[in-house]
Ligand SMILES: Cc1ncc(COP(=O)(O)O)c(C=O)c1O
């Protein structure tokens, strides 16, 4: 079927576009899709995630936590008793805002990181931090609005915001994270273009993908710049507790209850499979936020909320975090020393103080996307840098994740990656 065969004369522009899409895809239902659906891209991370389960490959791609040190047998017993003894609650619909006990416990977790005095009434339990990003985009952004973000930033957030036809504006970062002067300049430039800038989406601690942390001395300045411009800060902090030295930096939310909407997650400090996170929402926005959450999920899963709540009540969750820090620090150190040993001159990388990732920079002009296929041939996987930017430009960066890979495998992965990068550098040098 061609477009001319399908199209009748005198069609409206909208119908014409819908039909063009239908023709392009070959199925008439394509013409029924919303404009929004065409903004939801297939994530490179997702593609690579599927490849990385192939036997024999070393995956430095996925940002998964290591779950091996969780007490799985005991947790199984806890889950059994939640269903057997409390099934009428666990298997029933629950409150849209989440369970009161878990909201109180989320405040304890935040206090361990430096957010004191949070009120459980301001907490909304979410289906992971990912769904909270979607809700934030829905509640604050009209199509064409602008959201500021770090350059680079989390691919899942790019996907969530782009689905709402939001214009993402990356702000330059350096080894201390977002550069306050660059943020000010970006806001001024966007305002001059008449743009409505709604949010700053930021991952201040151990950014995904760069591993970089916003310096303590810049934190208040970033909030102040946004507050002065009436831009809400959306602080996404799933890794903050995983600082290797055990002394997390106070989140932006700590001293700024009115200007920061804070997102927490149990995915990295407990288990992503429970799909439980939370939002600590400025009181004046709380109702709007949780009504939008309810519209998506009715209520977060009572079953997994009860499992997380029992975990926080009956297990030494702080000790698990301490153990995780030691494990991730050792894996990061193994990665750093293997990179120093095997990678050619001309490649540089960030040195994270925590979290799951580090970020490699190759010389200008090298595109890391095609290198992925060579790396897979060589038995190692990474995520090309282009995935972490709203532009579709080629990128000379790539992300390596050390969190879920034993040290020996990390070293082997870097040994396999090194010749791929060496060849790319030689080709770029001509
Ligand atoms: C920065 C960031 N935010 C949010 C998420 C998603 O977290 P959750 O599992 O809580 O949805 C991730 C997962 O990798 C992440 O890196």
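Read the figures in this text as sums done on the coordinates, not as results from a lab. Just so we're clear, the structure is a prediction, and the values are computed from it rather than from any experiment. We place every Cβ from the backbone using ideal geometry, glycine too, and count neighbours over all the protein chains shown.
Model label points for residue 100 and residue 337, set 7 angstrom from Cα along the Cα-to-Cβ axis, are 5.3 nm apart. Between the beta carbons of residue 142 and residue 296, assuming R0 = 25 Å, the FRET efficiency works out to 0.85 to the nearest 0.05. Using C-alpha pairs below 8 Å separated by at least 6 residues, the relative contact order for the chain is 21 percent.
How big is the antiparallel share of DSSP beta bridges in the chain, given as a percent to the nearest 5? If you can, show how the numbers build up before the last one.
Numbers: 20 of 40 bridges.
In the chain, DSSP labels about 50 percent of beta bridges as antiparallel.
222 nm [θ] for the chain, helices only, -39500 (n - 2.57) per DSSP H run of 4+, per residue, to 500? List each step's numbers first, then the result.
Numbers: 14 runs with 194 residues, N = 430.
For the chain, the value works out to -14500 deg cm²/dmol.
Result for the chain in a Gaussian network model with C-alpha springs under 10 Å: among 329, 340, 250, the largest mean-square fluctuation is at 340. Round to a whole angstrom and tell me the spacing of the C-alpha centers of the stretch 174-207 and the stretch 358-430. Each part's Cα centre sits 27 Å from the other's.
As a rough footprinting exposure proxy, the listed residues 337, 309 were ranked by other beta carbons within 10 Å of their own, and the order from fewest upward is 337, 309.
Take the eigenvalues of the Cα gyration tensor for the stretch 157-300, scale each by 5, and report the square roots as semi-axes in whole Å, largest first.
24, 21, 15
Fewest-first ordering of 239, 311, 164 by other beta carbons within 10 Å of each residue's beta carbon gives 164, 311, 239. Applying 0.36 nm per residue to the separation of residue 77 and residue 313 and subtracting their alpha-carbon distance, the gain on full extension is 83.5 nm. Result for the chain in a Gaussian network model with C-alpha springs under 10 Å: among 343, 168, 102, the largest mean-square fluctuation is at 343. Rounded to 0.05, the FRET efficiency of the residue 391 and residue 27 pair, given R0 = 30 Å and the Cβ-Cβ distance, is 0.50.
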